[in-house]
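Report on the structure given below.
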Amino acid sequence: MLLAALVCLAITLAALIFAMALAPRCGLIQHPQGHCTHDVPTPVVGGIGMAIGLFATWLVADTGSPEMPIVLGALGLILIGVQDDRVGLPARRKLLAQTAVVAIALFFDGDLLYSLGELLPGVQVRLAVLALPFTVFAVLGVINAVNMIDGLDGLAGKVMLSSFGWLAASMWMVGGMTRLTSNLAIIGALLAFLMFNARIPGRPRALMFMGDTGSMLPGYLLAVAAIDATQRARGIPPVTALWICALPIVDTLSVAIQRIRDGRPPMAAGRDHLHHLLRAWDVPVGKVALVEGAIAALLGLAGVAGWRLGVPEWIMFASLLALGVAWHLASAAAWRRIRARESVIEALVPLAADPAIGDALSGPPTIPMPSREIDAAERTIAGTPAADGAAGSAAIAPRTEPARPEAPV
């Protein structure tokens with residue numbers, strides 16, 4: 001089992017080094033622009049390297065590779081991602097291409113969300129003829145949720161590492177050794193990528209990015225693995241898989257709802273996700289990735305613990321809905337505070353530009369002394385008479401002390 005992870009890690013490392021060397025020739029360099037926060041051109045070959053590592057591992061090692069339709073679907077998404085990374089695709093065209101690839105792969109694979117479990121007390125929700133469209137919608141949702149949280153060095157990789165880790169642990173608990181091995185191979189690919197992408201002491205920026213290829217591929221594989229884990233005879237409840245994948249889903253839904261309320265497109269690029277919120281509170285990039293990775297791990301722990309402790313599925317589902325509502329309200333309140341602070345700063349900037357007001361803002365307040373009192377003070381110190389009403393510009397004589405007698409020789 002661990003051998004699969006080690007083999008995939010080694011192959012992916014080699015593939016990433018090779019892809020990074022070829023990135024300039026292939027036009028796979030992301031330059032600082034738009035909503036990007038990096039300040040130097042960076043290769044976007046992380047997804048390509050992980051794909052090469054995974055495909056090679058599926059071929060050379062017994063890792064429980066996905067069925068052929070799922071593999072071909074992954075290849076189709078990789079091609080879409082590479083094209084988007086090179087020239088950029090309009091959001092609508094990219095979504096249509098994703099929908100076609102995912103729908104065809106799932107149709108021929110046949111592993112669909114036929115049951116959502118007991119989402120209401122005593123009620124098993126079964127989808128029947130709606131299974132295919134709902135599964136396509138769910139897979140696309142996870143793909144784009146992962147894509148949208150991929151905004152900082154090491155962030156998406158650590159969140160995916162947590163989700164696949166919990167899926168692997170769940171498969172171990174139910175005895176699904178084949179699926180456990182498959183998840184471990186994906187973990188090996190993610191670890192190899194994080195060696196180049198995560199910020200570490202002595203390396204203040206990422207050496208490469210996932211790119212759309214990298215964010216779509218793990219999201220797709222995560223969704224497919226979660227579906228497989230929930231629809232098998234010895235599997236996990238669907239709501240447990242939802243908890244394992246909760247962070248990108250809840251964050252993206254919260255952002256989409258707020259954008260709709262603000263009259264903005266819900267799937268457009270923006271700077272209003274959880275990682276943007278943490279950065280606005282001056283949390284360093286490396287710590288943001290660690291915080292969100294820890295949150296993802298805790299959410300997965302809550303889902304798996306609820307399942308193992310026998311908590312009813314509908315209670316776990318209601319708890320996740322409550323968490324989502326609380327998440328959205330807390331995020332909205334935090335953004336309001338940040339925008340109020342920014343408004344105050346913007347109001348003070350023009351005032352600080354005024355020399356008189358700027359001096360008052362930068363130094364302690366002073367109480368001006370009337371000019372007649374200043375004149376009197378100067379005359380007293382200088383010991384010279386001055387006419388009443390003078391401008392007070394007389395020279396101030398230096399203060400002298402009587403000479404001391406010299407000591408006798």
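The values are calculated or read from the model by the stated rules, or taken from the named source; none is laboratory data. Please read all numbers here as calculations on a predicted model, not as lab measurements. Neighbour counts are summed over all protein chains in view; Cβ atoms, including those assigned to glycine, are modelled from backbone coordinates with ideal geometry. Quick note on the areas: whole protein, heavy atoms, side chains included, nothing else; ligands and nucleic acids left out. Shrake-Rupley method; radii C 1.70, N 1.55, O 1.52, S 1.80 Å.
For segment 198-242, taking Cα atoms only, what is the radius of gyration to one decimal and the Dmax to the nearest whole Å?
Every Cα atom of segment 198-242 included, Rg and Dmax give 16.2, 48 Å.
Let's test the formula: R0 of 45 Å, r as the Cβ-Cβ distance of Leu298 and Arg86. What FRET efficiency results, to the nearest 0.05?
The computed FRET efficiency comes out at 0.75.
Of the heavy-atom accessible surface of segment 89-185 (probe 1.4 angstrom), what whole percent is carbon and sulfur?
Using a 1.4 Å probe with all protein chains present, segment 89-185 comes out at 71 percent carbon and sulfur.
What fraction, in whole percent, of alpha-carbon pairs in segment 65-132 exceed 18 Å separation?
53 percent
Calculate the length of the line joining the C-alpha centroid of segment 151-166 to that of segment 249-278, in whole Å.
19 Å
Does segment 256-326 come out rounded, prolate or oblate, given a ≥ b ≥ c as the square roots of the eigenvalues of its C-alpha gyration tensor, rounded meaning a/c under 1.5 and, failing that, prolate meaning a/b above b/c?
In terms of gyration-tensor shape, oblate.
Using Cα pairs under 8 angstrom and six or more residues apart, how large is the relative contact order of segment 66-136, in percent?
It comes to 30 percent, rounded to a whole number.
Quick one: what do you get for segment 10-168 if you divide its Cα Rg by 2.2 N^0.38 Å?
1.18
Amide H neighbours of Ile29 under 5 Å, counting only residues 5+ apart in sequence or on other chains, H built in-plane at 1.01 Å?
So Ile29 has HN proximity to Val44.
Where only protein heavy atoms count, and the probe is 1.4 Å, what is the accessible area per residue for segment 115-236 in Å²?
Solvent-accessible surface per residue comes out at 35 Å².
What number do you get for segment 96-201 when its Cα radius of gyration is normalised by 2.2 N^0.38 Å, N = residues?
Working it through for segment 96-201, the quotient is 1.28.
Give me the 1.4 Å probe accessible area per residue for segment 267-351, excluding ligands and nucleic acids, in Å².
For segment 267-351, the per-residue accessible area is 56 Å².
Applying the Karplus parametrisation 6.51 cos²θ - 1.76 cosθ + 1.60 with θ = phi - 60° to the phi angles of segment 217-234, what ³J(HN,Hα) value in whole Hz is obtained for each residue in order, glycine and proline being reported as x?
5, x, x, 5, 5, 5, 4, 5, 5, 5, 4, 4, 5, 9, 9, 8, 4, 10
Accessible area, 1.4 Å probe, largest first: how do Glu292, Glu346 sort?
Ranking Glu292, Glu346 by accessible area, largest first, yields Glu346, Glu292.
For segment 268-356, give the percent of accessible area contributed by carbon and sulfur heavy atoms, probe 1.4 Å, rounded to a whole number.
With neighbouring chains kept in place, the figure for segment 268-356 is 71 percent.
Take the Cα atoms of segment 178-291, find their three principal axes, and give me the spread along each one in whole Å, biggest first.
Principal-axis extents of segment 178-291 (Cα, largest first): 46, 42, 23 Å.
At 7 Å along Cα-to-Cβ for each site, give me the label-to-label distance between Phe134 and Arg308 in nm.
Using points 7 Å along Cα→Cβ, the separation is 2.9 nm.
Output ³J(HN,Hα) for segment 78-95: one whole-Hz value per residue in order, computed from phi by the Karplus curve 6.51 cos²θ - 1.76 cosθ + 1.60 with θ = phi - 60°, and x for Gly and Pro.
My calculation for segment 78-95 gives 4, 4, 4, x, 4, 5, 5, 5, 7, 10, x, 10, x, 4, 5, 5, 5, 5 Hz in order.
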